[in-house]
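Working notes for the structure below.
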């Protein structure tokens with residue numbers, strides 16, 4: 001396993017990590033969760049991602065019980081949660097000081113932990129001043145309920161504003177951003193956040209590296225099973241039934257010869273491709289069974305083989321490489 005610094009912090013996270021979105025509490029019970037986490041741990045994974053919104057908190061409960069079952073020492077793993085959607089009440093969602101404080105404490109109860117290593121603002125909150133959110137997150141850090149805080153799916157401008165507020169008030173600034181990043185979703189990570197990497201040492205813990213399973217190639221002959229067919233994810237299936245979605249599925253098939261030439265699966269190729277980005281601190285993977293965790297880990301051996309020639313071949317197939325900012329000097 002390779003370990004990378006989380007942005008400019010001193011924290012080291014495994015280049016491949018493991019997340020519970022969609023699976024824990026829905027497809028995966030405590031016993032299977034423990035089995036999957038054990039496989040990940042055996043491969044050197046030390047970071048496990050969660051959120052209060054995942055299955056209405058059940059995902060955190062399952063992970064907490066799995067950690068207890070495995071008897072893990074707290075120093076040996078990094079765990080995160082994300083705060084925004086905590087329930088139906090008017091103050092159960094968003095990034096107000098009230099919900100951040102209550103949401104983090106509730107998450108700790110579900111996870112059966114004294115603290116989480118990372119806590120994210122799961123989305124930007126247009127109804128709460130960023131100063132209130134920064135103050136609340138700094139409060140959480142000061143109380144020891146979390147060690148670092150960050151954002152998820154925030155724009156570069158929103159993140160920069162959070163840094164400015166934190167520096168001006170002498171509070172704890174964000175350390176990381178959790179954006180979607182994969183072969184079809186590139187601009188934000190590769191271009192928009194560029195100044196933040198340079199000016200603030202922003203780290204990224206990227207999610208959906210397989211584009212909700214599409215980059216595994218499983219939908220090449222039609223959407224019949226997998227994440228796109230799960231109850232509650234009809235919106236995701238509809239996305240891939242559009243002309244753009246069908247183009248993506250067709251494009252994946254064009255990538256298959258590249259994977260074959262490397263002796264890898266499409267999923268391993270897609271994961272390895274994200275690992276090549278030097279601004280990616282960790283790639284969050286998911287699985288509904290332990291064998292998938294095992295297969296995903298093989299991307300670690302593959303990514304050094306993605307040389308400039310292979311990457312150029314992939315870019316030619318994708319046809320979506322973002323245009324880099326022009327150097328006017």
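So, in the range 20-47, how many residues would count as being crowded, with 24+ Cβ neighbours inside 10 Å and touching a strand residue (DSSP E or B) at 6+ places or on another chain (Cβ under 9 Å)?
So the count comes out to 7.
Quick one: in the range 184-195, of everything that is in a helix (DSSP H, G or I) and touching a residue at least 60 places away in the same chain (Cβ under 8 Å), which residue is surrounded by the most Cβ atoms within 10 Å (Cβ to Cβ)?
Only one residue tops the list, namely 189.
Among (1) crowded, with 19+ Cβ neighbours inside 10 Å; (2) closer than 30 Å to residue 294 by Cα; (3) touching a helix residue (DSSP H, G or I) at 6+ places or on another chain (Cβ under 7 Å), which single condition is residue 82 missing?
(3)
Exactly one of these conditions fails for residue 297: (1) farther than 15 Å from residue 45 by Cα; (2) surrounded by 13 or more Cβ atoms within 10 Å (Cβ to Cβ); (3) modelled with pLDDT of 95 or more. Give me its number.
Here residue 297 meets the rest and fails (1).
Taking into account only those residues within the range 253-278 that are surrounded by fewer than 19 Cβ atoms within 10 Å (Cβ to Cβ) and under 23 Å from the mean Cα position of the chain (by Cα), which is farthest from residue 189 (Cα to Cα)?
Once the filter is applied, the top-ranked residue is 276.
With respect to residue 181, is the statement that it is over 19 Å from residue 53 (Cα atoms), touching a strand residue (DSSP E or B) at 6+ places or on another chain (Cβ under 6 Å) and surrounded by 16 or more Cβ atoms within 10 Å (Cβ to Cβ) true?
yes
The rows are residues; the columns are (1) surrounded by fewer than 15 Cβ atoms within 10 Å (Cβ to Cβ); (2) in a helix (DSSP H, G or I); (3) modelled with pLDDT under 95.
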position	(1), (2), (3)
150	no, no, no
154	no, no, no
161	no, yes, no
171	no, no, no
197	no, yes, no
211	no, no, yes
237	no, yes, yes
248	no, yes, yes
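Report yes if residue 24 is under 18 Å from the mean Cα position of the chain (by Cα) and within 28 Å of residue 196 (Cβ to Cβ), otherwise no.
Considered against the rule, which asks whether it is under 18 Å from the mean Cα position of the chain (by Cα) and within 28 Å of residue 196 (Cβ to Cβ), residue 24 comes out as no.
Looking at residue 97 and the list (1) crowded, with 16+ Cβ neighbours inside 10 Å; (2) more than 22 Å from residue 288 (Cα to Cα); (3) over 16 Å from the mean Cα position of the chain (by Cα), which single condition is not satisfied?
For residue 97, the exception is condition (1).
How about the range 273-319: which of its residues are under 19 Å from residue 213 (Cβ atoms), part of a loop (DSSP other than H, G, I, E, B) and out of contact with any strand residue (DSSP E or B) (no Cβ under 9 Å at 6 or more places or on another chain)?
Within the range 273-319, just 298 meets the criteria.
For residue 72, state whether it is surrounded by fewer than 20 Cβ atoms within 10 Å (Cβ to Cβ) and more than 20 Å from residue 109 (Cα to Cα).
no
Would you call residue 127 closer than 19 Å to residue 84 by Cβ, without any contact (Cβ under 8 Å) to a residue 60 or more places away in the chain, surrounded by fewer than 18 Cβ atoms within 10 Å (Cβ to Cβ) and touching a helix residue (DSSP H, G or I) at 6+ places or on another chain (Cβ under 6 Å)?
no
The values are calculated or read from the model by the stated rules, or taken from the named source; none is laboratory data. Keep in mind that what you see is a predicted model, and the values were worked out from it rather than measured. Don't worry about glycine lacking a Cβ; one is built from the backbone with ideal geometry, like all the others, and counts go over all protein chains shown.
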